[in-house]
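This is the structure I want to talk about, given as structure tokens.
Just so you know, all these numbers are worked out from the coordinates, no wet-lab data involved. Being a predicted model, the structure only gives us computed values, none of them experimental. Neighbour counts run over all protein chains shown; Cβ positions are idealised from the backbone, glycine included.
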Amino acid sequence: MESLTAYVQLLQTLHQLLAEQAEALAALKEVLLLEAEHLCRHDQAAGLHDLGSRVMQEVERNQQSESDAASSFKERRLIGGLMQFTVGALGAAVAGRPDPLSVGSQLAGTELERKQPYGVVLVAVGPKGVPDDVQVVAVSRLARESRRTEAEVEAAWQARGFLLVAPDSFFRDIEELENAAARGLLTLPN
């Protein structure tokens, strides 16, 4: 009988130890779940930060390209204006027209007034949203290449379901989303 009592006590002790371990495992599970949630929030915030950085670099590249293109256009326009002035004034002088400088000035003025769009770079957020569907759109470059106005280019993007925003607004919004994700107030789809 003594051995049966010892086994019962041993079983009760084992049962108590198992219950304590089960409690410890439940507490550990809770800690691990909280840590996993924290890591997920951190990863999402970091992903939004990386997206903002990538978009910022692309915006800066496009803005620099637009600045270079605008400078080149102004130089070409100035040279073209000077050539128009010279050819017009010489042609009028050879033809014996009165006031050849006025003729050259009119031709040069037409060339110097020629305009093309430069400088508009926007961020487009597509139907899939942030972070999966974000693009940088050089609106002015697309307008020049397609011989359309900037408004027409923007309308075409909007017709395809894109929201166009100024880079500064986009970066403010991304920063707010990043902070919300880090605090657990926002969860992005996986």
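Multiplying the sequence separation of Phe73 and Arg148 by 0.36 nm and subtracting their Cα-Cα distance, what value in nm do you get? Don't skip to the end; give the middle numbers.
On the way: separation 75, 0.36 × 75 = 27.00 nm, distance 1.73 nm.
Stretched fully, the Phe73-Arg148 segment lengthens by 25.3 nm.
So, one more: Report the gain in length on full extension from Arg172 to Leu34: 0.36 nm times residue separation, minus Cα-Cα distance, nm rounded to one decimal. Display every interim value, and only then the final one.
Working: separation 138, 0.36 × 138 = 49.68 nm, distance 2.88 nm.
Residue separation times 0.36 nm, minus the Cα-Cα distance, leaves 46.8 nm.
How big is the charge dipole of region 21-84 about its Cα centre, in debye rounded to the nearest 20, if each Lys and Arg gets +1 on its Cβ and each Asp and Glu gets -1 on its Cβ?
Working: 7 positive and 11 negative charges, 118 e Å.
It works out to roughly 560 debye.
Here's another thing I want to ask about it. With unit charges on the beta carbon (Lys/Arg positive, Asp/Glu negative), name the residue among Val130, Leu101, Val59 whose Cα is farthest towards the positive pole of the charge dipole of region 29-154.
After comparing all options, I get Leu101.
Oh, and also: Given R₀ = 35 Å, what would the calculated FRET efficiency be for Gln116 paired with Gln57, taking r from the Cβ atoms and rounding to 0.05? Intermediate values should be presented prior to the final figure.
Values: r = 26 Å, r/R0 = 0.73.
My answer for the efficiency is 0.85.
So how strong a dipole does the chain carry about its Cα centre when Lys and Arg Cβ are +1 and Asp and Glu Cβ are -1, to the nearest 20 debye? The partial results should precede the final answer.
Details: 18 positive and 27 negative charges, 296 e Å.
For this selection, approximately 1420 debye.
Assigning unit charges at the beta carbon (Lys, Arg +1; Asp, Glu -1) and nothing else, what dipole magnitude in debye, to the nearest 20, does region 6-49 show about its Cα centre? Provide the component values of the computation, followed by the final result.
Values: 2 positive and 6 negative charges, 12 e Å.
The dipole magnitude comes to about 60 debye.
Another question, then. Sort 119-132, 75-88 by the packing proxy (mean of other Cβ within 10 Å over each peptide's residues), most packed first.
Numbers: 119-132: 17.1, 75-88: 15.2.
Result, highest mean first: 119-132, 75-88.
Same structure again: Hey, of (i) 27.9, 90; (ii) 23.0, 75; (iii) 34.6, 139, which did the structure itself give for Rg and Dmax of the Cα atoms in Å when calculated?
Label of the calculated value: (iii).
Right, something else. Mean-square fluctuation check for the chain, GNM, Cα pairs under 10 Å: which of Ser102, Ser146, Ser65 is largest?
Ser102
Next question, about the same structure. Return one number: the angle in degrees, 0 to 90 and rounded to the nearest 10, between the long axis of the Cα atoms of helix 150-159 and the longest principal axis of the Cα atoms of the chain.
30 degrees
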